[in-house]
Amino acid sequence: MAHEFKEISPNASGGAKLTNWFENRFPTAFDAYRVHMSEYYAPKNFNFWYIFGSLSLLVLVIQIVTGIFLVMHYKPDAAKAFESVEYIMRDVPWGWLIRYMHSTGASAFFVVVYLHMFRGLIYGSYRKPRELVWIFGCAIFLALMAEAFMGYLLPWGQMSYWGAQVIVNLFAAVPFVGPDLALLIRGDYVVSDATLNRFFSFHVIAVPLVLLGLVVAHLLALHDVGSNNPDGIEIKGPKAPKDAKGNPLDGIPFHPFYTVHDILGVCLFLMAFTAVIFFAPEFGGYFLEYNNFIPADPLQTPLHIAPVWYFTPFYSMLRAITSEMMYVLIACVLLGAVLAVVKIKLPAFIKAGVVGAAVVVSVLMLSIDAKFWGVVVMGGAVVILFGLPWFDQSPVKSIRYRPSWHKYVYAVFVVNFVVLAYLGVQPPSPVGERVSQVGTLFYFGFFLLMPWWSRLGEPKPVPDRVTFAAH
C-alpha cells in the first residue's frame, strides 16, 4: 500500500523539512518510533527496578562494539590465541581498554540480567498475559550463557582451557550418545585448535544472531501486551481508565519521560562500569581469573577449577549431586508422586501414570551414574525458569500485595542463590557439599512447590489504579 506524502509549509525550519523528507520516504521507521517510543504508554509508577532492562540493551551494544574491535586483532589459533590477546593488551592502541570493556561487560551483562529477572520475579511480570515475554527472556538468558561460555575459551588461558575441558566432558556422561556428543562439541578428542575455532565461530556469529533475534522478539512481545508495574495492575485493560483519545490515564509516553529516567540510570551505571575498568578490571579474580593470565597447558591441571562467578550457582548444584545425594532425590521424586496422587484431583489413569513415571525415574536414577544426574540438575535449574508462569498460583501478581511472609521466602531464595554462587568458586569440602545440597533442594523446591505455597495466606487488597506519588 502506497504511503501518502505529507506536505510541509515552505516556511518550516530546515530540520522540520529534513525530517519530513525522510518520513515520506521511510515511513516504517517513523511508525516504529511512534509505536515503540513516543506513543507507547508505560505505567507511570515505574521505580528503579525498571532500569535494568535498558541497561541490558546498553551492555549488549557495548559487547557487540568492543567485540568487533577485538576480532580485528584476535587470532583463533591454539598456537597464537594467547599471544594475540597479549598483543591487544600491550601493542594495539587502546587495546587494553577495549579488552577490559569487553571482559567487564560480560560480568556486567549478567549483573543487570539477574537483577532484571529478579524484578520480574517479585512483581509477577511473567503472569498472564506476559508468559511469552518471560519465555523469550529465559531464552535470552540461555543464549547469553552459551555466548559467555563460548567466549570464555577464546583467551586460551590456563583456566579457560581446563574450564572448557571440564564442562564439555560433562556431556560425555549422557547415556548412549554422550561420548559422541562431547566429540561433536569439541571437534577433537581433547580441547584443541578445532574446539577453539568452533567456539570462536559460535561466539562471534551464530549465538549473537540468535541473541539479537530473541531480544527483538522479547521487546515486540512486551510492547504488544504492555509493561507490568510494581502494583501488578493492568493499565490497558478494558476496565482501565482512559482519556478521550483512548490512552491509559495511569500511563505516560515512554519517550520522553522514561528515556530521561533511563539516561539517569545509564549515567550511574557507566560511572560504576568505568570505575571497575580503570581500577579493578580483574575484580579480585572474579571477572578475570589470575590463572587465565597463564598460557593454556594441556599437561598441567590447575589445583582448583571453577567457572566464572555468573555460572557458579549452577556449578554448585552440579557438584551437589553425589551418589549419596541420589537417594535423597529419589525420595523427593516418590514423595512428589504421592502428593500429586493424594492432593490433586486427577483421573485415575493419570494418577497411575504419575506413579509409574516416578517408579521408572527412580530406577533410572539408581542405574545411571550420579554425574549424569548432576548435569540434568544443572540444566534443569535453568530450564525450570520457563515454567514459572504456570507454577505461580497466587491470586495477586506483585509482592506488594502478597502475604508478608512471602517476602521472606523470596529473601531466602536470593540468599540461597548467593550462597550457591559463593560455594561454586570454593574448593570442594564436606561442609560446602552439604550446604550446596540443601541449597539445591531449596532452589528446586521454591519452584516446584510454588503452586502450593503461593496460594497460602491472605493477600492484601489490590487498588483499582496504580499507586503513584508525583516527584
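The values are calculated or read from the model by the stated rules, or taken from the named source; none is laboratory data. Just so you know, these numbers come straight off a predicted model, no measurement behind them. Neighbour counts are summed over all protein chains in view; Cβ atoms, including those assigned to glycine, are modelled from backbone coordinates with ideal geometry.
For the subset of the stretch 179-202 comprising residues that are over 26 Å from the mean Cα position of the chain (by Cα) and in contact (Cβ under 8 Å) with a residue 60 or more places away in the chain, which member is farthest from Asp77 (Cα to Cα)? So, considering only residues that are over 26 Å from the mean Cα position of the chain (by Cα) and in contact (Cβ under 8 Å) with a residue 60 or more places away in the chain, the one farthest from Asp77 (Cα to Cα) is Val190.
Scanning the stretch 16-41 for residues that are touching a Pro at 6+ places or on another chain (Cβ under 7 Å) and part of a helix (DSSP H, G or I) yields a total of 1. Checking Gly445, Gly457 one by one, the residue that is within 23 Å of Leu142 (Cα to Cα) and not β-branched (Val, Ile, Thr) is Gly445 and no other. Every test in (1) more than 20 Å from the chain's Cα centre (by Cα); (2) crowded, with 16+ Cβ neighbours inside 10 Å; (3) not aromatic (Phe, Trp, Tyr) is passed by Leu249 save one, and that test is (2). Residue count for the stretch 258-283, restricted to those that are in contact (Cβ under 8 Å) with a residue 40 or more places away in the chain and of a type in the set (Gly, Ala, Ser): 1. Would you confirm whether any residue within the stretch 442-459 is acidic (Asp, Glu), in the same structural domain as Met317 (by TED's automatic domain parsing) and touching a residue at least 12 places away in the same chain (Cβ under 8 Å)? Scanning the stretch 442-459 turns up no residue that is acidic (Asp, Glu), in the same structural domain as Met317 (by TED's automatic domain parsing) and touching a residue at least 12 places away in the same chain (Cβ under 8 Å). The set of residues from the stretch 155-180 being buried (at least 23 other Cβ atoms within 10 Å of the Cβ) and of a type in the set (A, V, I, L, M) comprises Met159, Ala164.
Among the residues of the stretch 440-471, which ones are outside any loop (DSSP other than H, G, I, E, B) and either over 19 Å from Ser323 (Cβ atoms) or hydrophobic (A, V, I, L, M, F, W, C) (or both)? Leu441, Phe442, Tyr443, Phe444, Gly445, Phe446, Phe447, Leu448, Met450, Pro451, Trp452, Trp453 - these are the residues of the stretch 440-471 that are outside any loop (DSSP other than H, G, I, E, B) and either over 19 Å from Ser323 (Cβ atoms) or hydrophobic (A, V, I, L, M, F, W, C) (or both).
Could you check the stretch 260-276 and list, in sequence order, the residues that are more than 30 Å from Ala42 (Cα to Cα), surrounded by fewer than 16 Cβ atoms within 10 Å (Cβ to Cβ) and either β-branched (Val, Ile, Thr) or not assigned by TED's automatic domain parsing to the domain that holds Val112 (or both)? Residue satisfying the conditions is Thr274 alone.
Out of His255, His223, His218, I need the residue that is touching a residue at least 40 places away in the same chain (Cβ under 8 Å) and in contact with a Ser or Thr (Cβ under 8 Å, 6 or more places away or on another chain). Which one? Answer to the check: His255.
Look at (1) among the β-branched types (Val, Ile, Thr); (2) touching a helix residue (DSSP H, G or I) at 6+ places or on another chain (Cβ under 6 Å); (3) surrounded by fewer than 17 Cβ atoms within 10 Å (Cβ to Cβ) and you find that Val190 fails only one, number (2). Could you tell me whether any residue of the stretch 229-236 is closer than 25 Å to Phe109 by Cα and either surrounded by fewer than 18 Cβ atoms within 10 Å (Cβ to Cβ) or not polar (S, T, N, Q) (or both)? Taking every residue of the stretch 229-236 in turn, at least one turns out to be closer than 25 Å to Phe109 by Cα and either surrounded by fewer than 18 Cβ atoms within 10 Å (Cβ to Cβ) or not polar (S, T, N, Q) (or both). Residues that are polar (S, T, N, Q), assigned by TED's automatic domain parsing to the domain that holds Arg434, under 26 Å from the mean Cα position of the chain (by Cα) and at pLDDT 90 or above do not occur anywhere in the stretch 277-299.
Only residues that are over 18 Å from Asn291 (Cβ atoms), among the small types (Gly, Ala, Ser) and touching a Phe, Trp or Tyr at 6+ places or on another chain (Cβ under 6 Å) were counted across the stretch 148-177, and they come to 1. Residue-level check: of (1) within 30 Å of Ile51 (Cβ to Cβ); (2) surrounded by 17 or more Cβ atoms within 10 Å (Cβ to Cβ), Thr195 misses just (1).
Of all the listed residues (Ala306, Ala320), the sole one being touching a Leu at 6+ places or on another chain (Cβ under 9 Å), of a type in the set (Gly, Ala, Ser) and surrounded by 15 or more Cβ atoms within 10 Å (Cβ to Cβ) is Ala320.
Quick grid of which residues meet (1) in contact with a His (Cβ under 9 Å, 6 or more places away or on another chain); (2) of a type in the set (S, T, N, Q); (3) loosely packed, with under 14 Cβ neighbours inside 10 Å; (4) closer than 30 Å to Phe468 by Cα:
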{"residue": "Pro10", "(1), (2), (3), (4)": "no, no, yes, no"}
{"residue": "Phe22", "(1), (2), (3), (4)": "no, no, yes, no"}
{"residue": "Phe30", "(1), (2), (3), (4)": "no, no, no, no"}
{"residue": "Tyr50", "(1), (2), (3), (4)": "yes, no, no, yes"}
{"residue": "Leu55", "(1), (2), (3), (4)": "yes, no, no, yes"}
{"residue": "Gly67", "(1), (2), (3), (4)": "yes, no, no, no"}
{"residue": "Pro76", "(1), (2), (3), (4)": "no, no, no, no"}
{"residue": "Ser84", "(1), (2), (3), (4)": "yes, yes, no, no"}
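Considering Asn247, Asn292, the condition of being touching a Gly at 6+ places or on another chain (Cβ under 6 Å) and more than 27 Å from Val438 (Cβ to Cβ) is satisfied by Asn292 alone.
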